[in-house]
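Visitor: Got a structure for you, written out below as structure tokens; questions coming shortly.
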Amino acid sequence: MAEETTKKKTSPGEFIRQVRSETSKVVWPTREETVRTAMFVGLLVVVLSLFFLGIDSVFSAIVNWLMTLA
């Protein structure tokens, strides 16, 4: 038989106190870190977009070549 566990309900006031306590532990990034990360993400998006454009173009050329053989 499975043992039933009952959870104690938290009052709204206690919940808000717990949330405030936990959010005070969060270490927020500095503006410099945020800008650097955003630039890295933007660069990575451009690089990957070009990579997938190249792969798509190669496969498209292969398929078009194969269609000429049929």
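Visitor: Limited to segment 52-69, what total is found for residues that are among the aromatic types (Phe, Trp, Tyr) and at pLDDT below 95?
Guide: Result for segment 52-69: 0.
Visitor: Additional query: State whether the residues of segment 37-53 include one that is over 27 Å from the mean Cα position of the chain (by Cα), in a helix (DSSP H, G or I) and not polar (S, T, N, Q).
Guide: No, segment 37-53 contains no residue that is over 27 Å from the mean Cα position of the chain (by Cα), in a helix (DSSP H, G or I) and not polar (S, T, N, Q).
Visitor: Still on this structure: Considering each residue of segment 19-40, count those that are exposed (fewer than 10 other Cβ atoms within 10 Å of the Cβ) and not hydroxyl-bearing (Ser, Thr, Tyr), and give that number.
Guide: 8
The values are calculated or read from the model by the stated rules, or taken from the named source; none is laboratory data. Quick caveat: nothing in here was measured; it's all calculated off a predicted structure. Here Cβ is always computed from backbone atoms with ideal geometry, including for glycine, and neighbour counts include all displayed protein chains.
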